[in-house]
Amino acid sequence: WYQRRVREAVVSTQSTGMNAKLGGELWSVNIPMKGVMYIGIDTYHDSGSNKSVGGFVASINDICTRYFSKTTWQESKQELISQLEACTSEALKSYHDFNNAWPSRVIVFRDGVGDGQLAAVKAMELDSIEKALSKLPNKPEFIFAVVTKRIQQRFMQKMGNKLGNPAPGTVVDYKITNSNLFDFFLVPQHVGQGTVTPTHYNVLEFRTKIKPDHLQQIAFKLCHMYFNWTGTIRVPAVCQYAHKLAFLVGESLHRDPHARLAQFLFYL
């Protein structure tokens, strides 16, 4: 019985992975806000050369099941990406081709940079994306958030006379946050044992009419949209897709993927 269950789990995992890689839409979450393009960015340092690889993944439909992806190259160990204007322009074109309309909002989640690099990210990467958005007929609303997983903070919740982990979706956005920045902590998932690790979001740009609560809810919902795992992950799915893309290219391919693969999750 146990071996049969294991085989069934392996077959299920492999078949869903193949489905996703070939363009299948495995599931979605309800995000009432329409006309939004979500972008994930991450960097991987190529093991086979003196270059670093930037992974760029953008959603092109409202239910976040279809994506556009692209890689960039920069000098070894360089975390910041200088080619984001071109990446964003191509992603916007793919979004327009799919929807016959431009996005009304663009929300970027940038993974892989530390707090000491926030000023440089704002000066280089955020500005590059703004330049691409300014070329549209109507400039969309724009949010740019840096996502950090490796943090020291931990949260506990009172449960009678005991302490336990907060429920998934818990947000902490006051008292321990930075008074000079717009930042918050999100508990994205449940853990079976030990203490859950929250994820920290530093919002560098918030040029939009939506409320901060809406961004926090969106970030949590996007943690459900990673097709390689049926539960929630620690970061919005576009960030994890960008990480997987950069890792595959930097670790194995050592070159840009074929342009025909740009709208397939071949890197899962």
What shape does the stretch 164-254 take by its C-alpha gyration tensor, where a ≥ b ≥ c are the square roots of the eigenvalues and a/c under 1.5 counts as rounded, a/b above b/c as prolate, and the rest as oblate?
oblate
Loop-resident trypsin sites (Lys or Arg not before Pro) in the stretch 161-247 with no more than 12 other Cβ atoms inside 10 Å, DSSP not H/G/I/E/B, are 175, 209
Pairs from 122/175; 70/122; 135/209 whose Cα-Cα separation, in the structure shown, is over 23 Å
122/175
Is the stretch 71-116 best put as rounded, prolate or oblate by its Cα gyration tensor, with a ≥ b ≥ c the root eigenvalues, rounded for a/c under 1.5, and otherwise prolate when a/b is larger than b/c, oblate when not?
oblate
Per the 1/(1 + (r/R0)^6) rule, R0 = 41 Å and r from the Cβ atoms of residue 1 and residue 123, FRET efficiency to 0.05 is 0.10
For the stretch 219-268, place one equal point scatterer on every Cα, skip the solvent, and apply the Debye formula. What is log10 of I(q)/I(0) at q = 0.18, 0.19, 0.20 Å⁻¹?
-0.59, -0.64, -0.70
Please report Rg over Rh for the stretch 78-159, where both radii come from the alpha carbon positions and Rh follows the Kirkwood definition.
1.10
Write out the GluC sites (Glu not before Pro) in the stretch 21-89 meeting two conditions: DSSP loop, and at most 14 other Cβ atoms within 10 Å of their Cβ.
25
The chain, helix-only ellipticity at 222 nm - DSSP H runs n ≥ 4, -39,500 (n - 2.57), divided by all residues, nearest 500
-8000 deg cm²/dmol
Residue list for the stretch 135-169, given a label point 7 angstrom along the Cα-to-Cβ vector of residue 104 and an amide N cut-off under 15 Å
138-142
Which of the chymotrypsin sites (Phe, Trp or Tyr not before Pro) across the stretch 1-78 are loop residues per DSSP, with 15 or fewer other Cβ within 10 Å?
1, 27
I'd like the distance separating the alpha-carbon centroids of the stretch 149-193 and the stretch 197-268, in whole Å.
21
Taking the dipole of the stretch 1-154 about the Cα centre (Lys, Arg +1; Asp, Glu -1; charges at Cβ), the one of 116, 17, 151 that reaches farthest to the positive side is 17
Give me the net charge of residue 169's neighbourhood, meaning all other residues with Cβ under 14 Å from the Cβ of residue 169; Lys, Arg count +1, Asp, Glu -1.
0
What figure, in Å² to the nearest 10, do you get for the accessible area of residue 62 with a 1.4 Å probe and non-protein molecules left out?
50
Expressed in whole Å with the largest first, what are the equivalent ellipsoid semi-axes of the stretch 1-128 derived from the C-alpha gyration tensor as the square root of 5 times each eigenvalue?
30, 23, 13
The chain: equivalent-ellipsoid semi-axes (sqrt of 5 x gyration tensor eigenvalues, Cα, Å)
27, 25, 19
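The values are calculated or read from the model by the stated rules, or taken from the named source; none is laboratory data. Not measured: the values here are computed from a predicted model. Backbone-built Cβ (ideal geometry, glycine too); neighbour counts: all protein chains shown. Accessible surface is based on the protein model in full, side chains and every heavy atom, while ligands, DNA and RNA are left aside. Shrake-Rupley method; radii C 1.70, N 1.55, O 1.52, S 1.80 Å.
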